Every structure is written in C-alpha cells, then in structure tokens.
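The structure appears below as structure tokens.
The values are calculated or read from the model by the stated rules, or taken from the named source; none is laboratory data. Given the structure is predicted, the values throughout are model-derived calculations rather than measurements. Cβ placement follows ideal geometry from the backbone for every residue including glycine, while neighbour counts extend to all protein chains displayed.
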Amino acid sequence: MIRILKSRFVGVGQEGDFEWMIRQPQHARTLFVFNDNEEQFFEHFHGGAHVCMSGGGNAVIRPWQCSAEPRATGVPTGTYETGIHYCGYSWLDARVRGAIGDACAQIERLLASGRFDTLAFSRDDETKLGGRIFTTAQPVRDFIVEQLLATAARYGRSSN
C-alpha cells in the first residue's frame, strides 16, 4: 500500500523541507515528487546526464533522481520556452497532459520497484500543489494532484 504524504514547506530543516526529509531514516522508503521545468524533466526522461543539478524550491532534490536507485522524480509544471506556458503551464492542453502523463508513467515505474511505501509531493492548502517558482494554472495543479493520487492508487493508497 502506498501512503500519500502531502508535504507543506514551513521552514528549513524540518518536515516539509524535501532536502532535509530525503536524508531522514523515516523517509528511506519515500518517493519524493518535485516540481520540475519541462526542459529538464524531458532531458532526464529521455536519458540526459546533466539534469542532476539542484534546482530552486523543492527541485533542490533533483540530484536524487540520478542515483542507481532514484529517490526523487520530477513532474513538470511549466517551461522556460517562450510561449503560452512560459514560467507556468497556463492551461490543460494536450502538451501539458502528455508531460504530466509521462511524469506519472515514471512514478509508476518507480513505485513498481517495490522500494517505496510512501509518495510525497508538495502541498499548498490554497492551490493543492505547492510551488512558487512557476505560476501554474489551478486546473493544471488540480490535474497533477489527481494524477499523482491515481498513480499511487494503482498500488493501494492511504492518505494523511
């Protein structure tokens, strides 16, 4: 059964701080989902090597996706490409659905390994999905959370 951990950042060095949490023994079987930009997400998804650098916000744990046994994985929430989705997906179109679907496929592969009993993502009480670097439209945030929950449910799910 996969437990869902909706984590709210309140400060450094405590629960909610993914960089701190991922190093704690009580989270050894937790798969952390961080908010990623589309470019680095797809580069990693397609086998790129340089996408192991820390990012801003909860993407500080990006290096953990590059180990032999990954403990973190990204879900894209926007792009740095000039256009309609610059600095945050602006609506839920086919491109956005596809990117989120690819992220959930990666999450499912990791959960299928049997190494995890918890799936953690950033939670915001107002917007459901935490994240402040990109301004991601609410329907997209809702869809991401729905897809994360549905992915975990395929392995049995309990929520906190």
task: Search the range 118-140 for residues being hydroxyl-bearing (S, T, Y) and outside any strand (DSSP E or B), and hand back the single one that is surrounded by the fewest Cβ atoms within 10 Å (Cβ to Cβ).
output: T135
- prompt: Tell me, which residue of the range 1-47 that is among the charged types (D, E, K, R) and in contact (Cβ under 8 Å) with a residue 12 or more places away in the chain is surrounded by the most Cβ atoms within 10 Å (Cβ to Cβ)?
  reply: D36
Selected residue [closer than 18 Å to F9 by Cβ, out of contact with any helix residue (DSSP H, G or I) (no Cβ under 8 Å at 6 or more places or on another chain) and of a type outside the set (S, T, Y)] from R95, R62, R123: R123
message: Scan the range 68-79 and tell me whether some residue there is touching a residue at least 60 places away in the same chain (Cβ under 8 Å) and touching a Ser or Thr at 6+ places or on another chain (Cβ under 6 Å).
response: yes
- line: Filtering the range 85-111 down to residues that are out of contact with any Phe, Trp or Tyr (no Cβ under 8 Å at 6 or more places or on another chain) and either buried (at least 21 other Cβ atoms within 10 Å of the Cβ) or not polar (S, T, N, Q) (or both) yields H85, W91, D93, A94, R95, G98, G101, C104, A105, I107, E108, R109
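Say we look at the range 141-160 and pick out the residues that are among the basic types (K, R) and surrounded by fewer than 18 Cβ atoms within 10 Å (Cβ to Cβ); which of these is modelled with the highest pLDDT? Steps first, answer last, please.
At the first step, the residues of the range 141-160 found to be among the basic types (K, R) are 141, 154, 157.
Right, trim to surrounded by fewer than 18 Cβ atoms within 10 Å (Cβ to Cβ) and you get 154, 157.
Values: R154: 91, R157: 53.
Among those residues, the one meeting the criterion is R154.
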Pick from the range 1-30, criterion in a loop (DSSP other than H, G, I, E, B) and within 15 Å of the chain's Cα centre (by Cα), ranking: farthest from S122 (Cα to Cα): I22
